[in-house]
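Following: one structure in structure tokens, then a few remarks.
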Amino acid sequence: MTDNINGKVIVITGASSGMGEATARDLAAKGAKVVLGARRAERLESLVKDIEGQGGTALAVATDVTKREEVQRLVDTAKETYGRVDVIFNNAGLMPLSMLASQKVDEWEQMIDVNLKGTLYGISAVLPIFQEQKSGHVINVSSVYGHKTVPTGAVYCATKHAVRSLSEGLRQEVKDYNVRVTVISPGAVDTELTSHITEEGTGDTVRDFVSQIAIPASTMADMVSFAVSQPENVDVNEILFRPTVQPE
């Protein structure tokens, strides 16, 4: 079904590493034009060179998803460069787990700004384009923790539950515009996500657990590719995946 990926213009946030990078490489190899956003511009430029060296098409736009105007610029650049936008993969995320009693309020705000508001800014930027085109696909990233709540994860889980709810609300609202909405909830994946944990004790415990069972970031790329590659009349609404051995 790669014919449904070839030629599509796909915007990816959080593209400088992990699941975003792996997905960018995979979709570009399948013929998509990928427009990549992240704060680390040098890593984005290096990724673009790699993709172009493999015969793909890619464009980098330094983007902080906590700033609405930068997300808008990312999407606008994609539209101005390629004439349309077909998919946005709202992938940027943070996971600084901590007990609420630790009062890491700055980290709570970061998670809300990146995980939830960053996703909203991506939706806001593409929605008028999708409405005009009468086509488009929004792919949001939740988590296994968007389906459950655990100690140290109260705020993170709240943001990921919110992304799931947001995605379902969006799906119901955009049917008349022929727009598809997918929310993907990964379990333990080998990314930089656990490096964000500053809580004493929690970080080492989580990193040790994840390192033993994590599946590669390319697994997310496979899930995104599956959703995008479906016929236009098929809307894959939700995907939940985890390592086979992950107990929760």
- Note on the structure: About its Cα centre, region 1-64 carries a charge dipole, from +1 on Lys and Arg Cβ atoms and -1 on Asp and Glu Cβ atoms, whose size in debye to the nearest 20 is 60
- Message: About the Cα centre, and with charges only on the beta carbon of Lys, Arg (+1) and Asp, Glu (-1), how big is the dipole of the chain? Nearest 20 debye, please.
- Response: 440
- For a label point 7 Å from the Cα of Glu69 along Cα→C-beta, name the residues of region 111-155 whose backbone N is under 13 Å from it. none
- Do any of Lys49/Lys134; Lys117/Lys175; Lys79/Lys117 go past 26 Å between their Cα atoms, and which? Lys49/Lys134
- Note on the structure: Among Asn4, Val245, Ser98, the residue whose Cα sits farthest towards the positive end of the charge dipole of the chain, when +1 is placed on the Cβ of each Lys and Arg and -1 on the Cβ of each Asp and Glu, is Asn4
- Query: How do Glu173, Glu70 rank when sorted from fewest to most other Cβ atoms within 10 Å of their own Cβ?
  - Reply: Glu173, Glu70
- Query: Can you put Leu44, Leu127 in order, fewest other beta carbons within 10 Å first?
  - Reply: Leu127, Leu44
- Task: Using 0.36 nm per residue of separation minus the Cα-Cα distance, give me the extension gain between Val245 and Gln133 in nm, one decimal.
- Result: 36.1 nm
- Could you list which residues have their amide H under 5 Å from that of Leu94, counting only those 5 or more apart in sequence or on another chain, with H placed in the peptide plane? Asn115
- Of Ala22, Ala62, Ile88, farthest towards positive along the dipole that unit charges on Lys, Arg, Asp, Glu beta carbons give the chain: Ile88
- Item | Simple label model, 7 Å out from Cα along Cβ direction - Asn237 to Ser165, nm | 1.7
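In what sequence do Tyr121, Tyr177, Tyr82 fall when counting other Cβ within 10 Å, fewest first?
Tyr177, Tyr82, Tyr121
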- Task: May I ask for the angle, rounded to the nearest 10°, between helix 68-82 and the longest principal axis of the chain, with both axes built from Cα atoms and the value confined to 0 to 90°?
- Result: 30
- Cβ-based charge dipole, region 2-235, positive-most Cα from Thr159, Val144, Thr182: Thr182
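No lab work stands behind these numbers, since they all come straight from the coordinates. Model, not experiment: these values are computed from the prediction. Cβ: placed from backbone, ideal geometry, glycine included. Neighbour counts: every protein chain shown.
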